[in-house]
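**Q** Right, I'll just put the structure down here and ask away after.
The values are calculated or read from the model by the stated rules, or taken from the named source; none is laboratory data. Just so we're clear, the structure is a prediction, and the values are computed from it rather than from any experiment. No Cβ is skipped: glycine too gets one built from the backbone with ideal geometry, and neighbour counts run over all protein chains shown. All accessible areas refer to the heavy atoms of the entire protein, side chains included, with ligands and DNA or RNA removed. Shrake-Rupley method; radii C 1.70, N 1.55, O 1.52, S 1.80 Å.
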Amino acid sequence: FITGILYVKRMGRMTFRNILHNIDENGERWLLLPLYALIVITIFMEVFRRFALSYSSIWAEEIARYAFIYVSWIGASAAIKERAHIRIDIILPFVGERTRALIMILGDVVTIVLAVLAFWWSLETVLVSIKFGSVTHGLQISLAWFLAAVPLGFAMMLVWLIQSIVRDVSNLKAGRPVFQGKKIFD
């Protein structure tokens, strides 16, 4: 009986750890897929309504626009995570592994500084929107929900940047090559 309880307890921890690992690995994909689907379905529906039924609505255009904003910021976060964002790395092939790791870490630190500033300023915009009760024109929903995409994106970027620095420092200490990132056309 006690062995069974310990086994279930251990499995519970492993399952929770697996869930966190899956969120870490695929979280952006799980957020991006429904948003992409929402954009495609909404635009398709609106085009059909406009040309076949001679009727259109303001809310469909707003839904597609705000979903696209979320897709953009979550996608930017995913690019930071995979080091797939645009960067000038012409010097990296000509330097050693240690120098390459230090350049990558320096780039992540600079990006963290910029992300913290952008997070702070974008959060201020959300708070002002909440303070004055701004709403969207068509949906009549608080604009803060849609403005929150920017600080959410930067918060996710900060998480991935910190993970990246920890990974790079660990690789540097162990003498392993630094994670270069994925190329756009791999």
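**Q** Using DSSP to define loop residues, name the chymotrypsin sites (Phe, Trp or Tyr not before Pro) in segment 80-132 whose beta-carbon has at most 11 other beta-carbon atoms within 10 Å. Can you show the working numbers first?
**A** Working: sites: PHE94, PHE119, TRP120, TRP121, PHE132; in loops: none.
Those that pass, being in a loop and sparsely packed, number zero.
**Q** By how many degrees, between 0 and 90 and to the nearest 10, does the Cα long axis of helix 58-82 differ from the longest principal axis of the chain?
**A** 10
**Q** How much length is gained if the chain between ILE86 and ILE58 is pulled fully straight, taking 0.36 nm per residue apart and subtracting their Cα-Cα distance, in nm to one decimal?
**A** Values: separation 28, 0.36 × 28 = 10.08 nm, distance 3.48 nm.
Going from the current span to full extension adds 6.6 nm.
**Q** Quick check for you: with a 1.4 Å probe and neighbouring chains kept, what is the accessible area per residue of the chain, in Å²?
**A** Numbers: 12850 Å² over 186 residues.
Averaged over the residues of the chain, the accessible area is 69 Å².
**Q** Further, regarding this structure: Please report, in debye to the nearest 20, how large the charge dipole of the chain is about its Cα centre when each Lys and Arg carries +1 at its beta carbon and each Asp and Glu carries -1 there.
**A** 620
**Q** Take segment 52-126, drop everything but the C-alpha atoms, weight them equally and run the Debye formula without solvent; then report log10 I(q)/I(0) at 0.19, 0.24 Å⁻¹ to two decimals.
**A** Treating every Cα as an identical point scatterer, log10 I(q)/I(0) equals -0.95, -1.18.
**Q** For the chain, what does -39500 (n - 2.57) per DSSP helix run (n ≥ 4), summed and divided by total residues, give at 222 nm, in deg cm²/dmol to the nearest 500?
**A** Numbers: 5 runs with 142 residues, N = 186.
Calculated from helices alone, the mean residue ellipticity at 222 nm is -27500 deg cm²/dmol.
**Q** Still on this structure, I have one more. HN-Hα J couplings of segment 86-94 from phi, Karplus 6.51/-1.76/1.60, θ = phi - 60°, integer Hz, Gly and Pro as x?
**A** 6, 8, 9, 10, 5, 7, 4, x, 9
**Q** Sticking with this one: Using alpha carbon centroids, what distance separates segment 30-63 and segment 67-90, in Å?
**A** After rounding, the separation between the Cα centres reads 25 Å.
**Q** With the calculation restricted to Cα positions, what are the radius of gyration and Dmax of the chain in angstrom?
**A** Looking at the chain, its Cα Rg and Dmax stand at 21.7, 69 Å.
**Q** Helix 97-132: angle to the longest alpha-carbon principal axis of the chain, degrees 0 to 90, nearest 10?
**A** 30
**Q** What residues have an amide H closer than 5 Å to that of VAL135, excluding those fewer than 5 places away on the same chain, when H is modeled at 1.01 Å from N in the peptide plane?
**A** LEU143
**Q** Continuing with the same structure: Cα centroids of segment 161-175 and segment 139-160: how far apart, whole angstrom?
**A** Each part reduced to its Cα centre gives a spacing of 28 Å.
**Q** Would you mind checking the tilt of helix 2-52 against the longest principal axis of the Cα atoms of the chain, expressed as 0 to 90 degrees and rounded to 10?
**A** Approximately 40 degrees, to the nearest ten.
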